[in-house]
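Novice: Below is the structure I would like to discuss, written out as structure tokens.
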Amino acid sequence: MFKWVKRQLDKIGSPTLDWVQVEVTTYCNGSCIYCPRTLMRDRWINRDMPIELFYEFIPFLRYTDLVYLQGWGEPLLNDNFFEMVRICKDQGKRVGFTTNGMLLTEDTIRTLVDLQLDIIGVSLAGITARTHNQIRKGSDFNKVISRLELLRKIKAEKKTQAPAVHLAYLMLRSNFHELKEILPLAKKVGAKQVVASNLTLIIDPKLSAEAIFNDTEHVDYYHSTLEEVRHRAAREKIVFDYHGPGLDNASFCCRENVRHACVINVEGEVVPCVFTNPVLSSRYTFKDQSLLLRGMSFGNIQNESLTRIWNKKEYAGFRALFDPETARKPEQIRSEMPQCCVKCYKRLGA
Ligand code: SF4
Ligand code: SF4
């Protein structure tokens, strides 16, 4: 009875979110050279989200239409991954995740198609094996592409469009030239969307030079190339979304949609974005400064409902810092922001 009353009260003031991102594991079979997991390997804690904790999340599925099962790790390594997808699909939700592609066996692909998964994102850092495999250590470009071709074949065989394939391309100075050739690859694997993103969390200062926004001399070149790819993509009916090569110091928008989405980490902590996930505890580099990355949790779904957490004064106040309608001056808003947001390339538009 008490639980029933609590559930009814929770419905009052529950948010409507564009998506909820759930970190199902922090294990990974890859060692990408830029990834915090790789660079923090001596102190990284590997863990799976237990299925019991995922069950705690079920009442909050009504807050959103899209659940993205993704955090700092390879989702397919969680033994309960298919069950998690099934639970969300049974509740009528759209479900997606991003993978490094190495565990996409034929059986796994068939299960994902049968579960009617909606989106599968696949991470790339080049369109040749030489480039991609050097950056995404532990990944094999040719194998990943052959698995995507198999997915395309199985979808055709089962006469379904789902899951939609999205290619997630990490742009670096050393692989940017290959991005120009992404569209034939996208067509080959039947990808409907390509997202080109920046190296926004720099744990190893030696990688600063790899971030294209730090290559200020060539901003025009990056910008015109990206625009050209976008135009070509539109002709091919492929969505090409890219993160710009420039930094806007005056910006107080965050690309992570923190006002209308949230992340639930592997332990149930509710955090605004993956960068503020408490599993990351490290130093990072921002404009040649070495800074401490601090976790930021507004509550844990094991102890409180997502409604209660979302409506907390401190969480609402945090989201207000990113409200474009705010009457306060940008300098004032920035002075109120936590340091991790003030000094974050995601906020600067990168
Ligand atoms: S596959 Fe993803 S989680 Fe794994 S090391 Fe690479 S970037 Fe990190
Ligand atoms: S500005 Fe950066 S740290 Fe702050 S919420 Fe956005 S992505 Fe996270």
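The values are calculated or read from the model by the stated rules, or taken from the named source; none is laboratory data. The shown structure was predicted, so the numbers you read here are calculated from the model rather than taken from an experiment. All Cβ positions, even for glycine, are placed from backbone atoms using ideal geometry, and neighbour counts span all protein chains on display.
Novice: Which of the residues spanning the stretch 140-181 are among the hydrophobic types (A, V, I, L, M, F, W, C), within 16 Å of ligand 1 (Cβ to nearest atom) and assigned to a loop (DSSP other than H, G, I, E, B)?
Specialist: If the condition is that a residue be among the hydrophobic types (A, V, I, L, M, F, W, C), within 16 Å of ligand 1 (Cβ to nearest atom) and assigned to a loop (DSSP other than H, G, I, E, B), then Met171, Leu172 are the ones that fit.
Novice: Has the stretch 218-226 got any residue that is within 16 Å of ligand 1 (Cβ to nearest atom), under 22 Å from Arg136 (Cβ atoms), hydroxyl-bearing (Ser, Thr, Tyr) and surrounded by 15 or more Cβ atoms within 10 Å (Cβ to Cβ)?
Specialist: No.
Novice: Name every residue in the stretch 285-322 that is aromatic (Phe, Trp, Tyr), farther than 22 Å from Met49 by Cβ and either modelled with pLDDT of 95 or more or touching a Pro at 6+ places or on another chain (Cβ under 7 Å) (or both), in order of residue number. Quick ask: steps written out before the conclusion?
Specialist: First, pick out the residues of the stretch 285-322 that are aromatic (Phe, Trp, Tyr): 286, 298, 310, 315, 318, 322.
Filter once more, keeping what is farther than 22 Å from Met49 by Cβ: 286, 318, 322.
Within the stretch 285-322, Phe318 is the sole residue that qualifies.
Novice: When you look at Ala209, is it of a type in the set (A, V, I, L, M) and crowded, with 17+ Cβ neighbours inside 10 Å, yes or no?
Specialist: No.
Novice: Can you confirm whether the stretch 196-206 contains a residue that is assigned to a helix (DSSP H, G or I) and either without any contact (Cβ under 8 Å) to a residue 12 or more places away in the chain or surrounded by fewer than 16 Cβ atoms within 10 Å (Cβ to Cβ) (or both)?
Specialist: yes
Novice: Of all helices (runs of 4 or more DSSP H) completely enclosed by the stretch 24-139, which ones contain at least 2 residues that are among the polar types (S, T, N, Q), away from ligand 2 (no atom under 16 Å from the Cβ) and closer than 23 Å to Leu151 by Cα?
Specialist: 106-114
Novice: Still on this structure, please answer the following. So which residues in the stretch 87-117 are among the β-branched types (Val, Ile, Thr) and within 18 Å of the chain's Cα centre (by Cα)?
Specialist: The answer is Val95, Thr98, Thr99.
Novice: Turning to a different aspect of this structure: Any chance you could count how many residues in the stretch 296-339 are in contact with a helix residue (DSSP H, G or I) (Cβ under 7 Å, 6 or more places away or on another chain) and within 14 Å of ligand 2 (Cβ to nearest atom)? Spell out how you get there, then give the answer.
Specialist: Going through the stretch 296-339, the residues in contact with a helix residue (DSSP H, G or I) (Cβ under 7 Å, 6 or more places away or on another chain) turn out to be 296, 298-299, 301-302, 305-307, 309, 315, 321, 326, 334.
So of that shortlist, the ones also within 14 Å of ligand 2 (Cβ to nearest atom) come out as 296, 298, 315, 321, 334.
Matching residues across the stretch 296-339 total 5.
Novice: While we're on this one: Of the residues in the stretch 32-47, how many are out of contact with any helix residue (DSSP H, G or I) (no Cβ under 7 Å at 6 or more places or on another chain) and crowded, with 18+ Cβ neighbours inside 10 Å?
Specialist: Residues of the stretch 32-47 out of contact with any helix residue (DSSP H, G or I) (no Cβ under 7 Å at 6 or more places or on another chain): 35-43, 45-47.
Checking the rest, the ones that are also crowded, with 18+ Cβ neighbours inside 10 Å come to 35-37, 39.
The qualifying residues number 4.
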